[in-house]
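Before any comments, here is the structure.
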Amino acid sequence: MAVSDSLNVLEGFVGSVRRLLMRWRYPFTLPEDILSVLGVDDIGGSLSFHDFMHVLSSPECRPQRLVRLMSRNDAEAVFSTALKKERFQNETLFSFYFEESWVEFILHFDSDSRLRRIYLHHNGLSVDEGVEINLPRKREPTAKLVCS
């Protein structure tokens, strides 16, 4: 077996152990799962729940898988892994469970069923009505999202 093959096996093993430990810490939903759903992929490492919420509520964060005015069906498909889904006339609520409590995303649609706004809700946020997540006006396929 070549050295590069051994390194690949070792990296795969370390990744599996890391994911197992993260699953123990977050048995229901991993922060990286939600970041992946939104298209936030350059955060790196494992995040504490507090850091995860800071990333999501940062005004610099813009999801790469959601864009303003996308169809309702396409926007809702992005959140297909949510544990709870509630659909209303002009909005859809997606909920992900963490030991700390639920993290919710509320998608608001116009009368033509196009995505207008998305809000993040969590009881740890200081804003009762939630934090609006900035939506890009169009997809930028090469853009990588880095939040501070």
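Only the coordinates and a few stated rules stand behind these numbers; no lab work does. Everything numeric here is computed off the predicted structure, so don't read it as measured data. As a convention, Cβ positions derive from the backbone with ideal geometry for all residues, glycine included, and neighbour counts pool all protein chains shown.
Overall, the stretch 28-133 carries a charge dipole of about 420 debye about its Cα centre when +1 sits on the Cβ of Lys and Arg and -1 on the Cβ of Asp and Glu, all other atoms neutral.
Between R114 and D51, the FRET efficiency from the beta-carbon distance, with R0 = 30 Å, is close to 0.40.
Remark: the E99-F13 segment gains 28.3 nm on full extension, using 0.36 nm per residue and subtracting the alpha carbon distance.
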